[in-house]
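What follows is a set of notes on a single structure, which appears directly below.
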Amino acid sequence: MVLAPTSRRPVPGGRLLAPVEAEPRPKWWIEGLVIVWLCWVYDAVSNLTPLRNTAARHHAESILHLERALHLDPEVALNHWLAAHPTLGLWAGNYYDNAHFVVTLGVVGWLWWRYPRSYRPLRNGLVTCNLIAFVVFWLYPTAPPRMLPGHQFVDVVSVTGAFGSAHSGTLATVANELAAMPSLHIAWAVWSAWAVFSVWRGRYGRRWWSWLVWVYPLATTVIVLSTGNHFLADVAAGAVTAAVAIWLGALAGRRWAAWRVVRSARVAVTTGEPRS
């Protein structure tokens, strides 16, 4: 059994409580299998892509039409501005292709190593977030703006040759390019920000700098819109997906904790041993 390091919890006035009991970390290989399973489900949905191009483009056209009717369509203006600045576009493309993997996996690893008690419900939220998105990808495939002909969107990531681009070359054969709704870039960014924010808030209290983590999903929003990869509606759907998944993960965590308390009490009554 791998134990997390003990830590002291702060209380008002700057004092520290005694170290809390170390929490056992979930087995790393089980967490790895969860990631592999999610990749398998994503790949299964991606395999349907060749059959859904027409429906995905129709859905994208409908979203763009609705946004324009509501005057909530900043995608074209942002996209054309970024396309006119190649160097900035290259940085944005690299951010789009890599930041969501690096940051999300980094936060997952940090939580697993340092805060296993917080890790469990947050991990459940992230898994739920992906499953919700996969269901939507399956039921409502949506092409990104860059794939719509006649609207003058520029595929900034492909044009600038960003590192790790899944818009061309070998990676394009395994990526699901009809998965714009909801935006998993935004969902993962919101989850990552909330995970760090909630841990910091519990450990350090309401410090002003803990709010800086929300710059990350805001920056991601600008990037996914300006590179021509998502509509504003995709961004909103991604944020809602993350919020619902986080809530469900926390709810499941509370139910699990309550069940363990009841089970412990029943064992104690049966064996006559005091509860631990």
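Of note:
- Stokes-Einstein D for region 53-201, Kirkwood Rh over Cα pairs, 37 °C, 0.692 mPa s (µm²/s): 193
- Within the chain, longest stretch clear of exposed trypsin sites (Lys or Arg not before Pro) (DSSP loop, no more than 14 other Cβ within 10 Å): 28-205
- Simple rule: put +1 on each Lys or Arg Cβ and -1 on each Asp or Glu Cβ in the chain, find the dipole, and look at Thr142, Ser158, Val102; the Cα lying farthest toward the positive end is Val102.
- For the chain, the share of accessible area belonging to carbon and sulfur comes to 68 percent (1.4 Å probe, ligands and nucleic acids excluded).
- Per residue, the chain exposes 57 Å² of accessible surface when a 1.4 Å probe is rolled over the protein heavy atoms with every protein chain present.
- Within the chain, helix-based [θ] at 222 nm, where runs of 4 or more DSSP H residues each add -39,500 (n - 2.57), nearest 500: -22000 deg cm²/dmol
- Contact order relative to length of the chain, as percent, for alpha carbon pairs under 8 angstrom and 6 or more apart: 26
- Each residue of region 84-101 was assigned a 3J(HN,Hα) from its phi angle through the Karplus curve 6.51 cos²θ - 1.76 cosθ + 1.60 (θ = phi - 60°); the sequence is 7, 10, x, 5, 5, x, 5, 4, 5, x, 5, 4, 4, 6, 10, 4, 5, 6 Hz, with glycine and proline shown as x.
- Amide H within-cut-off set for Thr142, under 5 Å, with H built and near neighbours excluded: Ala179, Ala180, Met181
- Among the chymotrypsin sites (Phe, Trp or Tyr not before Pro) within region 92-165, those in coil by DSSP and having at most 12 neighbouring Cβ atoms inside 10 Å are Phe163.
- Those residues of region 222-242 whose amide nitrogen sits under 17 Å from the label point placed on His65, 7 Å along Cα→Cβ: 233
- Rh by Kirkwood over Cα pairs, then Stokes-Einstein D for the chain at 1.002 mPa s and 20 °C, µm²/s: 103
- For region 186-248 versus region 45-66, the gap between their alpha-carbon centres in whole angstrom: 26
The values are calculated or read from the model by the stated rules, or taken from the named source; none is laboratory data. Note that the coordinates shown come from a computational prediction; the quantities given were computed from them, not determined experimentally. FYI the Cβ positions are ideal-geometry reconstructions off the backbone, even for glycines, and counts take in every protein chain you see. The area values use the complete protein model at the heavy-atom level, side chains included, leaving out ligands, DNA and RNA. Shrake-Rupley method; radii C 1.70, N 1.55, O 1.52, S 1.80 Å.
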